[in-house]
Amino acid sequence: MGLFSFTQELAMDLGTANSIIVNNAGKILLDEPSIVALDRKTDRMIALGEKARQMHGKTHENIHTVRPLRDGVIADFNAAEQMIRGMIKMATKNKGGLFSPSLRVVICIPSGSTEVEIRAVRDSAEHAGGRDVYMLFEPMAAALGIGLDVEIPEGNMIVDIGGGTTEIAVISLGGIVSNKSIKIAGDDLTEDIMDYMGRQHNMKVGERTAEQIKINVGSVLTELQDPPEDFVVHGPNRMTSLPMDVPVSYQEIAHCLEKSISKVDSAVLSALEQTPPELYADIVRNGIYLTGGGALLRGLDKRLTDKIGIPFKVVDDPLHVVAKGTGIALRNIDKFTFLMR
């Protein structure tokens, strides 16, 4: 097999906000925003990933930027297919010689996905050139990425706050015992900030600026140990369209995200309600792991710990945990029984 190894193996974390591709050695080959720029006339792909994100909100009528995934599932089939194909091409540096190697792909999907949504992901991956397509639920992948042994009879709880969905799952014996998937996540927080800036400061901000605000001063507590500097936002006044500069503090953002974050609180509680008591005891002992981009919000772990009374830990490198876990699943394709064909 060494000489003619034509099977290329990739693990893919197809996220609403970012997509990451990992090879079977666990090296991250590609980490790009999930966004494509398409030509409006021909529907051909012009740009992908970071390049397309820079175009987002700055296009003329011939180009439109699309985020093919909404709430963790494929919303625009054609764009998703082009994106997956483009990303695989970028990751494998495939020049398309005489034969393209057959691909074996493991893709993670939200744990609340219906059959139809799973099918959509599989079809897109197969159209993009995947021979063997395996599916893996995101909380499972996150648990693998943290380095937990998922096959032992012990309960671990993962809260994965992504771009489109927040996944809350209890994992034991290589399966998901109770899960809750809510569609309140990073994108909704960004929208909250856009609304808030409009209401409070009378200022129009776009998606990208709101995202910047969230990254720089995003917080869920009004008192932090080491507070970030105020972030100055430039933009037009909503009434007069004259330019304004508004400094935004983390306290304001904490207030404006309150509503969405409290929905995450109650979802965690309702997932704990469905958990069998034996596993519940394990969870209280092991703590609950926070992963995904939302875990980077300042003070989230402290807030949830105070609210629920079980220690929450933010894992290191929360953005790439799911991709790493998918890579581990790729290496153990034959061993793990929870991969879906």
Using a 1.4 Å probe on heavy atoms of the protein chains only, the accessible area for residue 231 in Å², nearest 10, reads 50 Å²
Under a point-charge model restricted to the Cβ atoms of Lys and Arg (+1) and Asp and Glu (-1), what is the dipole moment magnitude of the chain relative to its Cα centre, in debye to the nearest 20?
1040 debye
Accessible surface of region 183-238, 1.4 Å probe, proportion on carbon and sulfur as whole %
43 percent
Student exercise, region 36-135 dipole from Lys, Arg, Asp, Glu Cβ charges, in Debye to nearest 20
460 debye
Please arrange 305, 291 by accessible surface area, largest first, computed with a 1.4 Å probe and ligands excluded.
305, 291
Along the dipole axis of region 114-255 (charges at Cβ: +1 for Lys and Arg, -1 for Asp and Glu; origin at the Cα centre), the most positive-end residue among 144, 118, 210 is 210
Can you give the FRET efficiency for residue 234 and residue 28, using 1/(1 + (r/R0)^6), R0 = 30 Å, r = Cβ-Cβ distance, to the nearest 0.05?
0.35
Listed residues 180, 93, 302; largest mean-square fluctuation, Gaussian network over the chain with Cα springs below 10 Å, found at 93
Amide H contacts under 5 Å for residue 75, placed H, 5+ residues apart:
69, 70
Net length gained if the chain between residue 223 and residue 305 were fully extended (0.36 nm per residue, minus Cα distance):
28.0 nm
Could you please report the charge total around residue 137, scoring K, R as +1 and D, E as -1 over all other residues with beta-carbon less than 11 angstrom from its beta-carbon?
-3
With springs connecting C-alpha atoms under 10 Å apart, model the chain as a Gaussian network and identify which of 226, 317, 306 has the largest mean-square fluctuation.
226
Determine the sum of side-chain charges near residue 166: Lys and Arg each +1, Asp and Glu each -1, restricted to other residues whose C-beta is under 12 angstrom from that of residue 166.
-4
I'd like to check one number: the per residue accessible area of the chain, probe 1.4 Å, reported in Å² as a whole number.
47 Å²
Violating pairs (Cα-Cα greater than 31 angstrom) within the set 204/263; 263/313; 27/58; 27/259
27/58; 27/259
Share of antiparallel DSSP beta bridges in the chain, in percent to the nearest 5?
65 percent
At the level of C-alpha centres, the distance separating region 33-67 and region 201-222, in angstrom, is 23 Å
Which percentage, to the nearest 5, of the DSSP beta bridges contained in region 75-195 is antiparallel?
65 percent
Paramagnetic reach from residue 337 in region 172-189 [backbone N under 20 Å; point 7 Å along Cα→Cβ]:
172-179
I'd like the accessible area for residue 275: 1.4 Å probe, protein heavy atoms, all chains in place, Å² to the nearest 10.
10 Å²
Add +1 for every Lys or Arg and -1 for every Asp or Glu among the other residues with Cβ under 12 Å from the Cβ of residue 319, and state the total.
-4
Return the ratio Rg/(2.2 N^0.38 Å) for region 1-131, where Rg is computed over Cα atoms only.
1.07
In order over region 319-332: 3J(HN,Hα) from phi, Karplus 6.51/-1.76/1.60, θ = phi - 60°, whole Hz, x for each Gly or Pro, gives 5, 9, 4, 5, 5, 4, x, 5, x, 5, 4, 5, 5, 10
On the accessible surface of region 30-101, probed at 1.4 Å with all protein chains in place, carbon and sulfur together account for a percent value of 51 percent
Taking R0 as 51 Å, what's the FRET efficiency between residue 173 and residue 43 from their Cβ-Cβ distance, rounded to 0.05?
0.65
Separation in nanometres of the label points that stand 7 Å from Cα toward Cβ, at residue 208 and residue 63:
1.0 nm
To the nearest 20 debye, what is the magnitude of the charge dipole of region 234-323 about its Cα centre, counting +1 on the Cβ of each Lys and Arg and -1 on the Cβ of each Asp and Glu?
200 debye
Order 158-165, 256-263, 192-199 from most to least packed using the mean count of other Cβ atoms within 10 Å.
158-165, 192-199, 256-263
Of 72, 186, 174, the one that fluctuates the most in a GNM where the chain has Cα springs shorter than 10 Å:
174
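The values are calculated or read from the model by the stated rules, or taken from the named source; none is laboratory data. None of the values given here were measured: they were computed from a predicted structure. Every residue, glycine among them, receives a Cβ derived from its backbone with ideal geometry; neighbour counts consider all protein chains shown. Heads up: the accessible areas ignore ligands, DNA and RNA and are worked out on the full protein's heavy atoms, side chains in. Shrake-Rupley method; radii C 1.70, N 1.55, O 1.52, S 1.80 Å.
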